[in-house]
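Beneath this line is the structure, given in structure tokens, with notes to follow.
The values are calculated or read from the model by the stated rules, or taken from the named source; none is laboratory data. In this text, all values refer to a predicted model and were calculated from it rather than measured experimentally. Neighbour counts are summed over all protein chains in view; Cβ atoms, including those assigned to glycine, are modelled from backbone coordinates with ideal geometry. All accessible areas refer to the heavy atoms of the entire protein, side chains included, with ligands and DNA or RNA removed. Shrake-Rupley method; radii C 1.70, N 1.55, O 1.52, S 1.80 Å.
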Amino acid sequence: MTRLKLGMVGGGQGAFIGAVHRMAARLDDQWELVAGALSSDPERALTSSRELGISDDRSYSNFAAMAQAEADRADGIDAVAIVTPNHAHAGPAISFLNYGIHVICDKPLSATLDQARDIAHAVKESGKCFVLTHNYTGYPLVRQARQMIAGGELGDIRVVQVEYAQDWLAEEVSNKQADWRTDPAKSGAGGCIGDIGTHAINLATFVTGLEVKEVAADLDTFVPGRGLDDNAQVFLRFGGGAKGMLWSSQVAVGNENNLTLRIYGSKAGIEWSQENPNVLLFTRFGEPKQVLTRGGPGTSPADTRIPSGHPEGYLEAFGTIYADAAKLIRAHDRKSDAPQSDPLPNINDGVFGMAFVSACVKSSENNSAWVKVNS
């Protein structure tokens, strides 16, 4: 099968997430990177493109020139990956959609809810595919948990606990990754709650299938002088009566990338952690705890690349998102209605994520009052 042609905006020299996207796109051999506007600095953009094997005539100094030129080419890109800081998502996304090019965008969707809605309008008008890279939904056992809940194995969902704890911002840090994430002009209104809190709430809603209706949030900035929150504690009210709590922190000393989900229903409970992603704990009421392993007995073999006992992790989960995006785009372009085995995070998830951040900020500013989440 011919590889799809991928372009990239951002993600040049020294950009962590750009390299991750490129590795993920190549993992299942579905994509080939052929074009890019990899930096706002033209010289840096050209150097980055040459390092990645992109021809000079497809290295662009800005996203607008790239969108127009690629749309005009007979061999133009099939999709663009947008891997810039939050404030620079909306412009490229809308531009490429307007030129009829599918979009794969890093999370969160944008810096503001208004920007998110503008992107959603462009998606609707263009009719093109939009994939948001909430990559943790690509883990096989996350999808296993989703299937189990949809199949009623946990019964009625009562309690949802999700946390995403890191410690890399426990002190004042100055580097490329930290600087934009702690800058309200680039990150948006939410710091920690927007950066990793959106991952946490997306995981909770993806697995449970529940919708968050209201939040009561307490956002804190513990490091003096920091412009955005670095710790968030949020009470959640879900549709259907389930209750939950979300904790996201980038000042939790001793935590590297501790994303953990616990869900409790009327029949059973489950627990999964990103730092040990090949294990899912499942406990029926009154019975011994079961340890389910990726590809092992009692689990679905879907989305696994290697036999059980051989660990799969972050890059493989990210690769699954890109592989599924390729399936979605191929089906779209041949006008096929073939259903996806698992729904990819899309524009609606992105708008919800920004509405969630907005509601959390508003709640915290009002002494943690309950606030409706309005997408």
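A few remarks follow.
- Residue that is nearest to the chain's Cα centre (by Cα), among those in region 34-52 that are open to solvent by 70 Å² or more (accessible area, probe 1.4 Å) and farther than 19 Å from MET23 by Cα: SER40
- Subset of region 159-177 that is outside any strand (DSSP E or B) and of a type in the set (Gly, Ala, Ser) - its residue that is surrounded by the most Cβ atoms within 10 Å (Cβ to Cβ): ALA170
- The one condition in (1) farther than 23 Å from ASN135 by Cα; (2) at pLDDT 95 or above; (3) open to solvent by 60 Å² or more (accessible area, probe 1.4 Å) that VAL361 fails to fulfil: (3)
- On the stretch given as region 53-80, residues that are open to solvent by 40 Å² or more (accessible area, probe 1.4 Å) and of a type in the set (Asp, Glu) total 4.
- Test: residue in region 189-209 that is open to solvent by 40 Å² or more (accessible area, probe 1.4 Å) and modelled with pLDDT of 95 or more: yes
- Region 89-101, residues that are touching a Lys or Arg at 6+ places or on another chain (Cβ under 8 Å) and surrounded by fewer than 20 Cβ atoms within 10 Å (Cβ to Cβ): GLY100
- Single match in ARG73, ARG50, ARG3 (criterion: in contact with a strand residue (DSSP E or B) (Cβ under 8 Å, 6 or more places away or on another chain), closer than 23 Å to ALA326 by Cβ and of a type in the set (Lys, Arg)): ARG3
- Single residue of region 314-331 satisfying the filter (more than 14 Å from PHE130 (Cα to Cα) and among the aromatic types (Phe, Trp, Tyr)) that is farthest from the chain's Cα centre (by Cα): TYR314
- ILE104 open to solvent by less than 20 Å² (accessible area, probe 1.4 Å) and among the aliphatic types (A, V, I, L, M): yes
- Subset of region 225-255 (residues that are farther than 21 Å from VAL373 by Cβ and surrounded by fewer than 23 Cβ atoms within 10 Å (Cβ to Cβ)): GLY225, ARG226, GLY227, VAL251, ALA252, VAL253, GLY254, ASN255
- Every residue from region 19-41 that is closer than 22 Å to ALA69 by Cα, in contact with a strand residue (DSSP E or B) (Cβ under 9 Å, 6 or more places away or on another chain) and not aromatic (Phe, Trp, Tyr): ARG22, GLU32, LEU33, VAL34, ALA35, GLY36, ALA37, LEU38
- Only one entry of LEU292, LEU261, LEU280, LEU246 meets the criterion of being within 11 Å of PRO140 (Cα to Cα) and assigned to a strand (DSSP E or B), and that entry is LEU280.
- Taken over region 256-281, residues that are touching a Leu at 6+ places or on another chain (Cβ under 8 Å), surrounded by 17 or more Cβ atoms within 10 Å (Cβ to Cβ) and among the β-branched types (Val, Ile, Thr) amount to 2.
- Top-ranked residue in region 210-224 [being assigned to a loop (DSSP other than H, G, I, E, B) and not aromatic (Phe, Trp, Tyr); ranked as least open to solvent (accessible area, probe 1.4 Å)]: VAL223
- Every listed requirement among (1) surrounded by 15 or more Cβ atoms within 10 Å (Cβ to Cβ); (2) of a type in the set (A, V, I, L, M); (3) out of contact with any Gly (no Cβ under 8 Å at 6 or more places or on another chain) is met by ALA185 save one, (1).
- Counting only residues that are open to solvent by 30 Å² or more (accessible area, probe 1.4 Å) and within 23 Å of the chain's Cα centre (by Cα), region 143-158 holds 3 of them.
- Pairs, first in contact (Cβ under 8 Å) with a residue 24 or more places away in the chain and farther than 13 Å from ALA37 by Cα in region 68-81, second hydroxyl-bearing (Ser, Thr, Tyr) and open to solvent by 40 Å² or more (accessible area, probe 1.4 Å), C-beta under 7 Å, six or more apart: ALA71/TYR99
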